[in-house]
Amino acid sequence: MPPRRNHTVPQLWLNAFARNGRLVAHNRAGKEHLTGVKGAAVVAHFYRDESPAATDPQAVETYLANHIEDPAKRMVQDLVVGRLPSAQADLSTLKRLVAFQIARTPTFRNIDQQVENHLWPIMYAAEVVGELNKSRVSPLAGAELQAVFEQARRDAPAKPADADKSRTRLRLMLRTAHRLANNLESRDLVLASGSRRALLISDSPAVLWHPGGPPLGWTGALPDDADLLLPVAPNRLLIASRRRQGPAVTLTPELVKIANQAQVTWCSFTVYRHPDMRWPRDLHLGGNAPKLPAPRVTLSPGTGNPTFPAGFEPIADSDLSQLIKSLGGVDMVN
C-alpha cells in the first residue's frame, strides 16, 4: 500500500495561493518547482495512529476533516475575498481552525521533539539529586547542588524508547490545539488586505509576531504578548491579536515583510507562493529547519508540594475527548 499523504496545511488554505490548482514550491535545498495543491504541504502518515492497538489508524485525519476543516470552509472562502465573519459562532469556528493549524505542522512537531531532547537530561539530573538527598542529613545546596546537577545532566543516558510515540505526538497535538482555541477566544481577529499579491505561505504557516518586541524566535506556541499571523491569500493576512483594533486594516509593505520573514524562519522545509508572484529579492530561505537554543537551568529549593498527580485541562468537546482517549489518553498523570 502506498504511503498516505497527510496535508499539514489544509487544501482550503493553499487554494488561494494557486493558479489552476498549482503553486510554486521553494524549499530549503534551494530548489523551486511547480506543484499541485494536492501534493503541497504533505507528510506521509503524519496523523496516522501507528499503535498495534489502533482500531482506526486514520481517526485523527478524519476528525480534522469533519470537525475542524469542513465547518470552517465557508469562513475561509469569505476571508479570501476580504470578508471577515461577524457572527460569534463563525468566529469561534474559524479560531478553532487557526488553533489546529498552529499545532498540526512539522515545525511544531520538530520543536516538541527538541524540547523533549532538552528536558530528558534535566529530568534525569533532578531524579539523581532527589535520590542523593534521601541519604543526606541536609539536602544539596548552592555550588555543590549545581555541580552535582550539571554532572548528572551531562551523564544522562539515552531516553527510553516510547512504545507508542505516534500516539504521544497525536495527543499532544490535539490537547495543544484545544488549549490554543480557548486562548484565541480572548483575541480579536483582524484581516489585513492589500491590492497586490505579496504574501508567501509555508508548510507551517501560523507564525508569531511581537509588535515592537524582540526578533523572531520561539517563545511558545502562542504567548500573550505576541500576535498570530496567518496568510489566507497572497494579498490577505489574518491576525489574531489582544491589541484592540478594527476588523480590517491595510496590508502594508512593512507587514508583508514581517509576515514573509516569519514564514521563511519557521517553515519546516518548503515555502509556497502564487505562480504570478516573484520570490522577494531580500528574502533568504536557509538550509536548516528552526532550532531551539539549549535551555539555561536555574535551581531553587522546592516547595515541598507534590507535582503529581496532575490533571489535563478538561475538554468539553465530547468528540475530541473521545478521540484522545482512543489514543490512550488519560485525564490524570500519576
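For this structure, a couple of remarks:
- Rg followed by Dmax, in Å, when segment 1-153 is reduced to its Cα trace: 23.3, 74
- Share of carbon and sulfur in the accessible heavy-atom surface of the chain [1.4 Å probe, %]: 53 percent
- The chain - mean residue ellipticity at 222 nm from DSSP helices (-39,500 (n - 2.57) per run, n ≥ 4, rounded to 500): -11500 deg cm²/dmol
- Charge context of V148, other residues only, Cβ under 14 angstrom, K/R +1, D/E -1: -1
- Sparsely packed loop sites in segment 19-93 (the GluC sites (Glu not before Pro) outside DSSP H, G, I, E and B with at most 13 other Cβ atoms within 10 Å) comprise E50.
- Entry note, the chain: relative contact order of 23 percent, from Cα contacts under 8 Å with a spacing of 6+ residues.
- Structural size metrics of the chain, computed from C-alpha coordinates, are Rg and Dmax of 21.9, 74 Å.
- Along each principal axis, Cα extent of segment 275-334, largest first, Å: 55, 41, 17
- Nearest 10 degrees, 0 to 90: helix 253-266 Cα axis against the chain principal axis: 50 degrees
- Amide H contacts of N6 (H built 1.01 Å from N, in plane; Pro and chain starts excluded): V43, A44, H45, F46 sit under 5 Å, all sequence-distant by 5 or more or on other chains.
- In order along segment 322-333, phi translates into HN-Hα couplings of 5, 4, 4, 5, 5, 8, x, x, 10, 7, 10, 10 Hz, rounded to whole numbers, per the Karplus curve 6.51 cos²θ - 1.76 cosθ + 1.60 with θ = phi - 60° and x for Gly and Pro.
- For L199, neighbours were defined as the other residues whose beta-carbon sits under 9 Å from its Cβ, and their charges (Lys and Arg +1, Asp and Glu -1) total +3.
- Reach of K38 by Cα under 18 Å, taken over aspartates and glutamates that are not fewer than 8 positions away in the same chain: E61, E69, D70, D203
- Only Lys, Arg, Asp and Glu carry charge here, each on its Cβ (+1 for the first two, -1 for the last two); on that basis the chain has a dipole of about 1060 debye about its Cα centre.
- Rg and Dmax [Cα atoms of segment 203-334; Å; Rg one decimal, Dmax integer]: 19.8, 62
- Within a Gaussian network of the chain (alpha carbon springs, distance under 10 Å), most fluctuating of I324, I68, I122: I122
- Listed residues T168, T270, T252, most fluctuating in the chain (Gaussian network, C-alpha, under 10 Å): T252
- Using equal-weight Cα scatterers in the Debye expression, the normalised intensity of segment 170-263 in log10 at q = 0.25 Å⁻¹ is -1.44.
- Relative to the dominant Cα principal axis of the chain, helix 70-80 is inclined by about 60°.
- Comparing mean-square fluctuations of Q58, Q101, Q146 from a GNM of the chain with C-alpha springs under 10 Å, the top value falls on Q146.
- Cα long-axis angle, helix 106-134 against the chain (0 to 90 degrees, to the nearest 10): 10 degrees
The values are calculated or read from the model by the stated rules, or taken from the named source; none is laboratory data. These numbers come from a predicted model, not from an experiment. Note that we place each Cβ from the backbone using ideal geometry, even for glycine, and neighbour counts take in every protein chain shown. Side chains included, ligands, DNA and RNA excluded: accessible areas come from the protein's heavy atoms. Shrake-Rupley method; radii C 1.70, N 1.55, O 1.52, S 1.80 Å.
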